[in-house]
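Shown next, in structure tokens, is the structure this report addresses.
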Amino acid sequence: MEKICVLGDGGWGTTVSMLLQEKGHQVSLWSHDKEYAKILHSKRENEKFFPGFQLPLDIEVTSDLKEALLGKDFIIIAVPSIYIKSVIKEIDGFDRNCVFISLTKGIEQNGFKRASELITEELSVLNLAVLSGPAIAYEVANKIPSSVVAASEHEGIAQAVQDLFLSSYFRVYTSKDVIGVELGGALKNIIAIAAGVCDGLGFGANTKAALLSRGLAEMARFGKIMGACAETLFGLSGLGDMITTSFSPKSRNRTLGEEIGRGKKIDSILKSKNTIAEGFYTAKAVYEFSKNNNIDMPITEQVYQVLYCNKPPYQAVCDLMSREAKPEKL
């Protein structure tokens with residue numbers, strides 16, 4: 001039995017807490033909101049972020065970060081990218097031999113840092129892994145077969161995370177390509193927003209197939225420049241996650257895009273949500289980085305224009321379709 005702390009009471013944090021508790025581990029689920037932690041502890045249902053599932057009594061719910069971290073073998077970070085830096089800065093008093101696992105699928109806005117980079121720089125951790133892939137929380141919580149990738153620069157750490165999560169309905173592969181796995185999880189959200197826009201505009205399978213194909217090429221091109229392996233982006237944490245996020249009705253990013261395509265304004269959409277669509281923030285970070293570094297990211301550019309410059313979604317599609325004719329390549 002491992003002692004595990006899950007930082008973040010969103011849908012994914014709640015889901016992995018239940019999965020790990022079911023495997024017989026001792027799990028603490030940390031919420032940054034003291035009052036909501038009390039509600040979650042008493043009601044045993046995450047009504048705000050992940051309704052419909054009973055949280056087992058064996059899962060400890062707390063808002064005391066020091067208590068949550070004390071004596072843990074694994075510390076899992078499952079907070080949105082816009083909050084991860086502030087949470088990391090509060091982390092202290094953990095066992096130096098413990099393993100940190102990042103589930104965050106986003107990129108820091110200001111310094112363009114991946115979650116693993118922020119964790120390493122701030123905490124100087126010895127053992128670090130990232131876990132990512134096509135795993136919608138709702139489906140995993142319902143024990144629908146799913147597969148993800150555990151990546152670490154150290155093979156033994158990746159295998160330890162693989163063993164920790166592996167179950168009859170949750171298959172885990174290992175990888176050494178931390179950059180590729182993290183970028184796949186972040187970049188696919190931009191493409192998923194674009195896919196949702198296409199759904200909202202009433203386009204068909206032809207449009208979405210073209211978008212996902214060229215979106216994957218865009219992801220691979222960006223990943224290669226950042227030091228990722230191209231095959232990683234064509235695997236579970238890239239292509240696989242992009243497909244799931246672009247088609248699932250439970251996908252926050254696809255749903256955001258669909259609402260925009262149907263004519264809703266981005267400000268009103270964001271205000272109406274309890275949960276965060278990571279792609280909204282990632283699109284800005286990636287667009288600005290690509291512009292500053294002369295990386296061709298046409299889909300990302302149009303998503304940025306729609307999200308931040310009030311560009312009409314249909315016009316964005318027209319501009320993509322009317323780009324200069326060229327050979328198909330990455």
Answer yes or no as to whether I91 is of a type outside the set (K, R), more than 17 Å from V130 (Cα to Cα), crowded, with 16+ Cβ neighbours inside 10 Å and in contact with a Leu (Cβ under 7 Å, 6 or more places away or on another chain). yes
Which of the residues that make up the stretch 53-75 are surrounded by fewer than 17 Cβ atoms within 10 Å (Cβ to Cβ) and among the charged types (D, E, K, R)? D58, E60, D64, K66, E67
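I'd like the residue in the stretch 99-118 that is hydrophobic (A, V, I, L, M, F, W, C) and buried (at least 19 other Cβ atoms within 10 Å of the Cβ) and, out of all such residues, is nearest to the chain's Cα centre (by Cα).
The extreme case among them is L103.
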I'd like to verify a number: residues in the stretch 112-127 that are on the phi < 0 side of the Ramachandran plot and part of a loop (DSSP other than H, G, I, E, B), how many? 3
Are there any pairs with C-beta distances below 9 angstrom linking a residue in the stretch 117-128 that is assigned by TED's automatic domain parsing to the domain that holds S86 and over 17 Å from H154 (Cα atoms) to a residue that is crowded, with 18+ Cβ neighbours inside 10 Å and charged (D, E, K, R), with the two at least 6 apart or on different chains, and if so which? L118/K85; L118/E108; E121/K113; E122/K85
Filter result for K326 (of a type in the set (D, E, K, R), assigned to a loop (DSSP other than H, G, I, E, B) and surrounded by 12 or more Cβ atoms within 10 Å (Cβ to Cβ)): no
Could you look through the stretch 264-279, keep only residues that are touching a helix residue (DSSP H, G or I) at 6+ places or on another chain (Cβ under 6 Å) and closer than 23 Å to E182 by Cβ, and pick out the one that is surrounded by the fewest Cβ atoms within 10 Å (Cβ to Cβ)? T275
Condition check for K224: over 18 Å from the mean Cα position of the chain (by Cα), basic (K, R) and at negative phi: yes
Out of all the residues in the stretch 20-30, is one or more of a type in the set (G, A, S), outside any helix (DSSP H, G or I) and either farther than 23 Å from P145 by Cα or modelled with pLDDT of 95 or more (or both)? yes
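Listed here are the residues, each with its yes/no results for (1) crowded, with 20+ Cβ neighbours inside 10 Å; (2) not acidic (D, E); (3) not in a helix (DSSP H, G or I).
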| position | (1), (2), (3) |
| --- | --- |
| V148 | yes, yes, yes |
| A160 | yes, yes, no |
| D163 | no, no, no |
| G180 | yes, yes, no |
| G185 | yes, yes, no |
| N189 | yes, yes, no |
| I193 | yes, yes, no |
| K208 | no, yes, no |
| L212 | yes, yes, no |
So I59 ticks every box in (1) farther than 22 Å from S272 by Cβ; (2) out of contact with any Leu (no Cβ under 7 Å at 6 or more places or on another chain) but one. Which box is left unticked? (2)
Yes or no: E155 surrounded by fewer than 18 Cβ atoms within 10 Å (Cβ to Cβ) and without any contact (Cβ under 8 Å) to a residue 12 or more places away in the chain? no
Residue satisfying condition, being among the aliphatic types (A, V, I, L, M) and not assigned by TED's automatic domain parsing to the domain that holds A316, within set V197, V181: V181
Would you check if there is a residue in the stretch 287-296 being of a type in the set (D, E), modelled with pLDDT under 95, in a helix (DSSP H, G or I) and over 19 Å from A210 (Cβ atoms)? no
Scan the stretch 92-111 residue by residue and report those that are part of a loop (DSSP other than H, G, I, E, B) and of a type in the set (V, I, T). T104
Would you be able to say whether some residue in the stretch 233-242 is more than 18 Å from R221 (Cα to Cα), out of contact with any helix residue (DSSP H, G or I) (no Cβ under 8 Å at 6 or more places or on another chain) and either in contact (Cβ under 8 Å) with a residue 60 or more places away in the chain or not aromatic (F, W, Y) (or both)? no
Residues L211, L256, L239: which one is at pLDDT 95 or above and over 19 Å from the mean Cα position of the chain (by Cα)? L211
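The values are calculated or read from the model by the stated rules, or taken from the named source; none is laboratory data. Please read these numbers as outputs of a predicted model, since none were measured by experiment. Quick reminder, even Gly has a Cβ in these numbers, built from the backbone with ideal geometry, and neighbours come from all protein chains shown.
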